[in-house]
Amino acid sequence: MEKVNNLTISQNQTMDLLNKHELNSRSSELRPATNAIISTTDVDWSLKHFFILLVLGISAAVWFGTALKNFNALPVSGALITVSISAIALFLVAVFQIFLIKSFSLNLVVAAAEAVAIGLMIPGGFSRLGATGLLFFVGSLLLAYHRGRQELTDHLKINFHRFGAIVIRTVASGLAIFLALLYAGLYQTTKGISYDAFRFITSGTMPVVRSFVPGFSPEMAATGFFKTFAASQVNKMPQVAKLSEAEKQEVFEEFGSQLKTRFEELTKTMVASGESALSYFYRVANQYLGNFADGLAFVPMVVIGLIIFVKWPVAWISYLVYRLLLVIGVIYLGVEPRNKEIIMVK
């Protein structure tokens with residue numbers, strides 16, 4: 001009888017333990033811990049985040065394409081600022097689509113949608129060179145996916161700054177190639193850059209030019225530009241100070257004429273009678289650009305410029321967004337056990 005009672009008590013204790021274990025299991029399923037062990041980290045469990053990033057990517061691409069189209073039509077400071085901000089937005093989406101979407105095929109869908117959106121917004125976006133540039137842009141997003149995901153899997157801890165830098169550098173290269181090919185196509189169509197675009201680009205160099213050519217104005221005569229530049233250099237010679245004003249003017253005229261002739265020989269572009277300095281240098285710039293292989297020589301400069309300009313703003317903004325997503329619980333850090341092959345020497 002005593003054995004039977006002991007057996008009953010033992011069974012009751014076992015049932016209590018099983019019930020407690022079941023309750024603990026259910027509670028742990030409902031509330032994932034921050035340091036939960038995850039074994040399927042490379043699977044996109046929720047397509048909701050994919051569709052959100054798809055919409056954000058298309059929106060950023062449309063914004064960037066529209067801003068670039070407006071800048072090409074009227075290159076002013078406000079349009080350039082809009083292009084810059086929209087480019088930062090496009091890079092931000094690229095960083096997080098690669099960070100949060102783990103599937104290669106889903107990343108390909110987003111990248112292709114972004115490229116199509118940009119191409120639709122820009123005149124000539126689907127020309128031969130424009131379409132080739134868009135393919136390079138898509139390729140850079142996929143290459144950034146490969147390098148970024150490899151960065152995340154090769155290290156035990158997530159270093160978001162390093163991950164972001166890898167993605168930004170890679171995508172910037174692809175976007176720069178697209179822009180170079182796009183403008184190369186525009187050069188072929190328009191036989192050069194527009195006069196308004198050239199005026200806008202050179203307007204920022206006026207303080208530098210005036211340090212060499214005092215009183216410089218874009219509308220001054222081209223011959224006057226060479227004479228003024230020669231005068232600013234010749235005046236530095238000690239022997240010129242001994243000359244009379246009339247003799248100085250003769251020297252300035254002579255040196256200015258020699259400088260103009262040398263410059264015309266170098267550029268193979270003659271100064272037209274009564275032509276302004278801005279108009280002459282505009283023709284020189286178009287002649288010079290035509291000597292490049294359809295504008296492709298600008299690719300390294302555009303790449304360097306894009307990387308320098310967008311790297312730090314995008315890196316810091318994306319890191320702040322990453323921390324915000326962690327705080328509000330949209331994402332959380334987990335750990336996974338992993339076996340790793342190593343080389344042993346007998």
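Label separation (F309 vs L74): 2.0 nm, computed from points 7 Å beyond Cα along the C-beta direction. In terms of distances greater than 26 angstrom between alpha carbons, the cross-link table entries K236/K260; K69/K102; K248/K268; K48/K311; K157/K311 yield K69/K102; K248/K268; K48/K311.
Near N72: Cβ cut-off under 15 Å, other residues only, Lys/Arg at +1 and Asp/Glu at -1. The net charge is +1.
The residues neighbouring A241, those whose beta-carbon lies less than 13 Å from its own, together hold a net charge of +1 under the Lys/Arg +1, Asp/Glu -1 convention. Taking K and R as +1 and D and E as -1, what net charge do the other residues with C-beta under 15 Å from the C-beta of F212 add up to? Charge balance near F212 sits at +3. Listing Y319, Y145 from fewest to most neighbouring C-beta atoms within 10 Å gives Y319, Y145. Restricting the GluC sites (Glu not before Pro) of the range 190-256 to loop positions (DSSP other than H, G, I, E, B) with no more than 11 neighbouring Cβ atoms within 10 Å leaves E219. Taking each residue as 0.36 nm, the span from T267 to F104 lengthens on full extension beyond its C-alpha to C-alpha distance by 53.7 nm. Residues W312, W63, ranked from the fewest to the most other C-beta atoms within 10 Å, line up as W312, W63.
Where a number appears in this text, it was derived from the coordinates with a stated rule and is not lab data. Source: prediction; values computed, not measured. Please note: Cβ atoms are built from the backbone with ideal geometry, for glycine as well, and neighbour counts cover all protein chains shown.
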